[in-house]
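Below: the structure, in structure tokens.
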Amino acid sequence: MPPTPFAALRNRNFRLFISGQFISLCGTWIQTVALGWLALELTDSAFRVGLVTTIGSLPVLLFTLYGGVVADRVDKRRALLLLKSLFLLDALALGLMTAFNLITMPWIYALAFASGLVSAFEIPIRQSFLVDMVGKGDTMNAVALNSSAFNLSRVIGPAIAGTLLASAGTAACFLINAAAAIAVLVGLVRIRPEENAGGQRLRRASLREGLTHVLADPWSRVLVSVTTCFTVFGSSFIAVLPVFARDVLDAGAGGYGALTSAFGIGAAAGALSIAALGHRFPRDRVVLWAGVAFAASVTFLGVTRIYPLAFVLLVIAGLAAALTAILTNTILQTTAPDHLRGQVIGLYSFIVVGMAPLGALQAGWFAEHLGAGPAVMLGGVACLAVSAAAWWTLTRTRAGAPTVAGGQ
């Protein structure tokens, strides 16, 4: 059957999974917003609010690589049932402790760490499970739809959270997230493993095998390098966006919120575009062009002082970031051997999620010493340099490039 738009949705198992995942993601964003608000109410300290995110990200940094090894050794559907259940219990504990006035900052830190520890294993297992459900031919479409669900939930979840916080309080937000987690559990229970297009071959492999594969393959090696740079120096501009909006663009809280939405709008548009049209273009050229577009838009963002132009640049940055992430994810998964796919996506998740706090740290340091504008611009320049190096490297190894169109 020739490639078609939204091809992954033909797969019953994927439809069950993505619908439940979307509801659960909305709940996750509701909890994220409410948790930050609760921490602020308890401490009135911006540092301690940020510490919640840092503590939650630490286990991802420490354990996601091993999580990728586990992903290649377990029954992914059963593992996800367990891990999603643990997310539910974490949200339920937050909700009940808050409702009965038992919540304290140590408890918040402990539950954030527990959630991050579960995420360290859930992320690589979930990402590699997409290929098991739809097969390699529809992997890009499945990844794009998964990204679309994430970005749409990033718009819907916080909006719901704002209403709930004003009308029902923080405990209700946590309990709503616990209820939303049931949706993905129902979907996983209803999945029929025998209908998975990609199958699942369990084979024990060491962590060294996955790293060796990435380092030996020119495309995998370059894409991982670009992703590392984009995480540490590119996407880190989000951490200083509040300062950039206030000090550089002279915008208030409303203007900052609109800039944040601009990046999300672009990311959602990019994800949906790949889901609908990704089968029509070659992955290799588009991922390189998208990387250059992201780097250039962040560089120009750092030097602009005009609010409308900054808004447009953030839409472009969001769209290019989504294209780069989805295509990189797809190429890494479809070129990896089946028994190493979990490790490869674990490495990718380690970079994108686990190293993000390092990016926020460097961006904050440069913003404090040089100003928010130069900090953003320097990050963009670093990404431009790495993108140029990627072009030069990969044009010399075209024989190894996956030049087929999206419906490989």
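The values are calculated or read from the model by the stated rules, or taken from the named source; none is laboratory data. If you're wondering where the values come from, they're calculated on a predicted model, not measured in any experiment. So basically every Cβ, Gly included, is an ideal-geometry build from the backbone, and we count neighbours across all protein chains shown.
Taking the stretch 210-256 as the search range and keeping residues that are closer than 21 Å to residue 315 by Cα and among the charged types (D, E, K, R), which one is modelled with the highest pLDDT? Step through it out loud before you land on a result.
Just the residues of the stretch 210-256 that are closer than 21 Å to residue 315 by Cα, to begin with: 226-227, 229-256.
Still in the running and among the charged types (D, E, K, R): 246-247, 250.
Numbers: 246: 81, 247: 85, 250: 88.
Checked the stretch 210-256; the qualifying residue modelled with the highest pLDDT is 250.
Cβ-Cβ under 7 Å, sequence separation 6+ or interchain: first residue in the stretch 366-395 and among the charged types (D, E, K, R), partner modelled with pLDDT under 90 and part of a helix (DSSP H, G or I). Which pairs?
none
Might you let me know whether the stretch 94-105 holds any residue that is over 20 Å from the mean Cα position of the chain (by Cα), in a helix (DSSP H, G or I) and exposed (fewer than 15 other Cβ atoms within 10 Å of the Cβ)? Spell out the reasoning first.
Looking only at the stretch 94-105, we keep the residues that are over 20 Å from the mean Cα position of the chain (by Cα), and these are 94-105.
Filter once more, keeping what is in a helix (DSSP H, G or I): 94-99, 105.
Cutting the leftovers down to exposed (fewer than 15 other Cβ atoms within 10 Å of the Cβ) gives us none.
Scanning the stretch 94-105, I find no residue that is over 20 Å from the mean Cα position of the chain (by Cα), in a helix (DSSP H, G or I) and exposed (fewer than 15 other Cβ atoms within 10 Å of the Cβ), so the answer is no.
Look at residue 74 and say whether it is among the β-branched types (Val, Ile, Thr) and part of a helix (DSSP H, G or I). Steps first, please.
Numbers: among the β-branched types (Val, Ile, Thr): yes; part of a helix (DSSP H, G or I): no.
No; evaluated as a whole, the condition is false for this residue.
For the stretch 97-118, name all the residues that are in contact (Cβ under 8 Å) with a residue 12 or more places away in the chain and over 15 Å from residue 52 (Cα atoms).
If the condition is that a residue be in contact (Cβ under 8 Å) with a residue 12 or more places away in the chain and over 15 Å from residue 52 (Cα atoms), then 98, 99, 118 are the ones that fit.
Does residue 115 satisfy the criteria of being in contact with a Pro (Cβ under 9 Å, 6 or more places away or on another chain), closer than 21 Å to residue 347 by Cβ and among the small types (Gly, Ala, Ser)? Break it down into steps so the answer makes sense when it comes.
Values: in contact with a Pro (Cβ under 9 Å, 6 or more places away or on another chain): yes; closer than 21 Å to residue 347 by Cβ: no; among the small types (Gly, Ala, Ser): yes.
Taking the combined requirement at face value, the residue does not satisfy it.
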